[in-house]
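Below is one structure, written out as structure tokens; the observations come after it.
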Amino acid sequence: MANNNYSHFQHLYFVLTGIPGLEQTYYWLAFPLGAIYVIALFGNSVIISTIKSELSLHIPMYYFLCMLALADMGLALCTLPSMLGIFWFNYKSIAFDACLVQMYFIHTFSAIESGVLVAMAFDRVVAIWTPLRYSTILTNGVLFRTGAAILTRAVCVVFPVPFLIKRLPFYRSNVLSHSFCLHQDVMRLACASTRVNSLYGLIAVIFTKGSDSLCILLSYAFILRTVMAIASREGRLKALNTCVSHICAVLIFYVPLIGVSVIHRFGKHLSPLTHVLMANAYLLIPPVLNPIVYTVKTKEIRRKIIQIFGLEKKLKLGVFER
């Protein structure tokens, strides 16, 4: 009887967790955290506006970069309200349904970013393997269909997740381990079997990030094979140099992701602080570092930033160009 009474019970809200052991410094931590969000949103906005305004950047490589910047902005905006709410206003509650919405968008934008990185790898394959046919293979129609496929896959794969959580009863602890809602974190508080959730979560990860990482590895194996066939050393270095930014973006996304997965699976003995910091790094590092990487490698974006801050008269553009 008790089980029947509780079978559909759910908390009205969850309690989010900041950084364990640093509660007294939350207000001051909010300033560097706010600066991180400003850098992420500003940097990705500059990338999007620069690609839109610069005709020389109207090529597939930079259209994919624009998609990556949009995904990074979406990921940053998903966690911004709850993170700053905790650290600036000590507001830790989040409504049950609001938690499910945040969880859905975090996982969706993460899946979109993973898909965009695969598309960017394919772009590099075409550019190095058959440069003369680059513009005829990656037409605007192909780019549109690729973007639509990435978006559709992410939306459809993550769509069942909130409903799988919604069906579970929650009548014990309502304290989450992070400053935002993640599927694994919410699922562990359920008072019923989560086998279906775990199985679907595993399938979703394999279908998105697992297959994406394999595609990226195969792409770079093909790129290396193609580059090694180039006769001149200068030609090989020039070809590989076009991949540096993308390789950095892949590492920035997948290294924290692998770290979070390993700690979640094998690091149950580690302190809660380690789990929290790794999860925060996984969601905050890509939106912050990707704009920095592409700003360093793209002179048009550097010029845009110089114009925004009014530094044209103080700095010579030649200093920034290679």
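Which helices pass in the chain if a helix is a full DSSP H run, must span at least 18 angstrom along its long axis by Cα, and must have mean Kyte-Doolittle hydropathy not below 0.5? Could you put the intermediate results ahead of the total?
Numbers: long enough: 26-53 (39 Å, 1.27); 60-89 (43 Å, 1.50); 96-129 (50 Å, 1.24); 140-158 (27 Å, 1.31); 211-228 (26 Å, 1.39); 244-266 (32 Å, 1.77); 272-297 (37 Å, 0.99).
Span-like helices, by this rule, are 26-53, 60-89, 96-129, 140-158, 211-228, 244-266, 272-297.
Remark on residue 13: its backbone amide H falls under 5 Å from those of 96, a criterion applied only to residues 5 or more positions apart or on other chains, H modelled at 1.01 Å from N. The accessible-area ordering, largest first, of the residues 285, 263 stands as 285, 263, per a 1.4 angstrom probe.
With springs only between Cα atoms under 10 Å apart, run a GNM on the chain and tell me which of 231, 30, 204 wobbles the most. So, out of 231, 30, 204, the one fluctuating most is 231.
With all protein chains present and a 1.4 Å probe, how do 129, 28, 88 order by accessible area, largest first? Walk me through the numbers on the way to the answer.
Details: 129 145, 28 170, 88 90 Å².
So, going from the largest accessible area down, we get 28, 129, 88.
Of 199, 277, 65, the residue with the greatest mean-square motion in the GNM of the chain, using alpha carbon springs below 10 Å, is 199. Only lysine pairs 8 or more places apart, or on different chains, with alpha-carbon atoms under 22 angstrom apart are counted in the chain, and they number 14. More than 21 angstrom separation, counting every C-alpha pair in region 128-210; what % is that? That fraction is 49 percent. Quick check on region 171-322: take the gyration tensor over C-alpha atoms, sort the square-rooted eigenvalues as a ≥ b ≥ c, and tell me if it's rounded (a/c under 1.5), prolate or oblate. Judged from the Cα gyration tensor, region 171-322 comes out oblate (a/c at least 1.5, b/c at or above a/b).
Accessible area of residue 136 (1.4 Å probe, protein heavy atoms only, ligands and nucleic acids ignored): about 90 Å².
Could you give the C-alpha radius of gyration of the chain expressed as a fraction of 2.2 N^0.38 Å, taking N as the number of residues it contains? Don't skip to the end; give the middle numbers.
Working: Rg = 21.9 Å, N = 322, 2.2 N^0.38 = 19.7 Å.
That works out to 1.11 for the chain.
Only DSSP H runs of four or more residues enter the estimate; each adds -39500 (n - 2.57), and after division by the residues of the chain the mean residue ellipticity at 222 nm equals -24000 deg cm²/dmol.
Computed over all pairs of different Cα atoms, the Kirkwood value for the hydrodynamic radius of region 16-59 is 13.0 Å.
The values are calculated or read from the model by the stated rules, or taken from the named source; none is laboratory data. As the structure is a computational prediction, the values presented were derived from the model and not from experiment. Just the protein is used for accessible areas: all its heavy atoms, side chains included, with ligands, DNA and RNA removed. Shrake-Rupley method; radii C 1.70, N 1.55, O 1.52, S 1.80 Å.
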